[in-house]
Amino acid sequence: MIAADDAKTLETKRHFWMNDREALLGIVILLIIVGSLNVFSSSFIIADTNYGSPYFFIKKHGINLLIGLFVFAFAVRVDYHKWRDWMLFITGAVILGLILVLIFGEYINGAQRWLSLKFMTVQPAEFAKIVTIFVEASYIASRVSKGRPAVIFHKQIIIYGVMAFLIEREPDGATMAIVAGIPMVMLLISNMPKKQKIGLIVVGILSVIGICILQPYRMERIITMLDPWSDPMDTGYQVVQSLSAIGSGGLFGMGIGVGISKYNYLPEGHTDFAFAIWSQEIGFVGVIIVLALFAAFAYYGVKIANSAKDPLGQMLGFGLTALIIIQAVANMFMVAGWMPVIGVPLPFISYGGSSLLTNLWAIGIIMNIGMQAAPPKMLVTSAPPKDVFGRPTLKRVK
């Protein structure tokens, strides 16, 4: 039995959660609540104007959320190793979906990215993000288990190349960059030799430059980002309106539902630029809340990845966490005028069914990785102290 004074030194700090998974789940729940409020507030005007009901988008969001929660629950319960067995079929289904989009896809705002089903609209490119992360994680894990370093050029690149090419044909440059870029980020933290990491960075930079040269409109977006007020009524209109919405929010915002930018001033106010509406209505305080939630998500996501019992879980957890955070940072930078307008949704905050399903799928897999992590050793006194919820508070032994 441990003395009472010594036992106090073994107690952990009291938290509202028992482990990193509970913390991550709480963060996701808060993001979903914030996103649902913002989806309705930012969309009810355009929904009423175009579809005759202010609840059009929030109803669809609710349906997408229910489906997404089912996918999340399934992913939590499925051993993440089993996805590797199913990945060949999933990869084939996603590539088929990308091909069907180019043949039968629905045109929206000049892009052919969506397949219309009876009960929902699907964007296959969103699911390609998860596929590439899992394929790359499997490759790196196999190299680590064999005691070999990962290399830049491997046969899995063919899969990324095919998907990236099909996505670019839609066109959807932002998703193409994510599908090709996240595996590169995963390689940079892998056991790949330092010289090859430098080469990988050079390849990435040259690829971006090449795309801008081959597709001049992307360079125009970069130029517009540098000075949107040079053409505020045309190429710079969306950025100028976004900055106006953010600036008018002040410290505490105009109030939920009161923001004026959604009255046909800011295009895509409920999708890509949803964060601008949130900033206008909740203000600087709301911005800090969202930033804090994503920062906490990154912290606990990486912790779970580091605690994984094998290289596959580590790389998969990191890749899926990076997927959420990179999209969040890219969207907020875009809305703030610090990046070109590239059409990246803000996870859980922007309206979009396929994006929501993909993100919840990713969270479910991360949770399963955490569930299978080796439990930490505990020191237990004869009568462990309890928190306000009646749960014993124990200290982890490092």
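The values are calculated or read from the model by the stated rules, or taken from the named source; none is laboratory data. Source: prediction; values computed, not measured. Every residue, glycine as well, gets a Cβ built from its backbone with ideal geometry; the counts of neighbours run over all protein chains shown. Heavy atoms of the whole protein, side chains included, go into the accessibility calculation; ligands, DNA and RNA do not. Shrake-Rupley method; radii C 1.70, N 1.55, O 1.52, S 1.80 Å.
Considering only the range 141-248, give the helices (runs of 4 or more DSSP H) lying wholly within it that have at least 2 residues that are farther than 30 Å from TYR265 by Cβ. Outline the logic, then answer.
Working: elements: 157-168, 173-188, 194-214, 216-226, 237-248.
Answer list for the range 141-248: 157-168, 173-188, 194-214.
Give the residue that is modelled with the highest pLDDT, with candidates limited to residues of the range 145-163 that are under 14 Å from ILE182 (Cβ atoms) and out of contact with any Ser or Thr (no Cβ under 6 Å at 6 or more places or on another chain).
So the first thing to find is which residues in the range 145-163 are under 14 Å from ILE182 (Cβ atoms), and the list is 156-157, 159-160, 163.
From what's left, out of contact with any Ser or Thr (no Cβ under 6 Å at 6 or more places or on another chain): 156-157, 159, 163.
On the way: GLN156: 88, ILE157: 89, ILE159: 91, MET163: 94.
For the range 145-163, the residue satisfying everything is MET163.
Would you confirm whether or not the range 176-183 contains a residue that is of a type in the set (Val, Ile, Thr), over 18 Å from ASN331 (Cα atoms), surrounded by 14 or more Cβ atoms within 10 Å (Cβ to Cβ) and in contact with a Lys or Arg (Cβ under 7 Å, 6 or more places away or on another chain)?
For the range 176-183, residues of a type in the set (Val, Ile, Thr), over 18 Å from ASN331 (Cα atoms), surrounded by 14 or more Cβ atoms within 10 Å (Cβ to Cβ) and in contact with a Lys or Arg (Cβ under 7 Å, 6 or more places away or on another chain): absent.
Can you tell me which residue in the range 164-201 is modelled with the lowest pLDDT, limited to those that are of a type in the set (Gly, Ala, Ser), in contact with a helix residue (DSSP H, G or I) (Cβ under 8 Å, 6 or more places away or on another chain) and over 18 Å from ILE130 (Cβ atoms)?
Ranking the qualifying residues of the range 164-201, first place goes to GLY173.
ALA298 - would you say it is in contact with a Ser or Thr (Cβ under 7 Å, 6 or more places away or on another chain) and either in contact (Cβ under 8 Å) with a residue 12 or more places away in the chain or more than 24 Å from ILE326 (Cβ to Cβ) (or both)? Please lay out each step first, then the result.
Values: in contact with a Ser or Thr (Cβ under 7 Å, 6 or more places away or on another chain): yes; either in contact (Cβ under 8 Å) with a residue 12 or more places away in the chain or more than 24 Å from ILE326 (Cβ to Cβ) (or both): yes.
Yes; evaluated as a whole, the condition is true for this residue.
Under 6 Å by Cβ, and 6 or more places apart or on different chains, what pairs join a residue from the range 267-278 that is under 19 Å from GLY250 (Cβ atoms) and of a type in the set (Phe, Trp, Tyr) with one that is open to solvent by 10 Å² or more (accessible area, probe 1.4 Å) and modelled with pLDDT of 95 or more?
Pairs that qualify, where the first residue is under 19 Å from GLY250 (Cβ atoms) and of a type in the set (Phe, Trp, Tyr) and the partner is open to solvent by 10 Å² or more (accessible area, probe 1.4 Å) and modelled with pLDDT of 95 or more, are PHE275/MET332.
Please enumerate the residues belonging to the range 299-341 that are surrounded by fewer than 20 Cβ atoms within 10 Å (Cβ to Cβ) and β-branched (Val, Ile, Thr).
Hits for the range 299-341 are VAL302, ILE325, ILE326, VAL329.
Among the residues that make up the range 195-211, is at least one of them more than 30 Å from GLU136 (Cα to Cα), hydrophobic (A, V, I, L, M, F, W, C), free of Cβ contacts under 8 Å to residues at least 24 places away in the same chain and surrounded by fewer than 14 Cβ atoms within 10 Å (Cβ to Cβ)?
So in the range 195-211, the residues more than 30 Å from GLU136 (Cα to Cα) come out as none.
For the range 195-211, residues more than 30 Å from GLU136 (Cα to Cα), hydrophobic (A, V, I, L, M, F, W, C), free of Cβ contacts under 8 Å to residues at least 24 places away in the same chain and surrounded by fewer than 14 Cβ atoms within 10 Å (Cβ to Cβ): absent.
Go through the residues of the range 278-293 one by one and say whether even a single one is among the hydrophobic types (A, V, I, L, M, F, W, C), open to solvent by less than 10 Å² (accessible area, probe 1.4 Å) and assigned to a loop (DSSP other than H, G, I, E, B).
Of all residues in the range 278-293, those among the hydrophobic types (A, V, I, L, M, F, W, C) come to 278, 282, 284-285, 287-293.
Narrowing the set further to residues that are open to solvent by less than 10 Å² (accessible area, probe 1.4 Å) leaves 290.
Those left that are additionally assigned to a loop (DSSP other than H, G, I, E, B): none.
Checking the range 278-293: not a single residue is among the hydrophobic types (A, V, I, L, M, F, W, C), open to solvent by less than 10 Å² (accessible area, probe 1.4 Å) and assigned to a loop (DSSP other than H, G, I, E, B).
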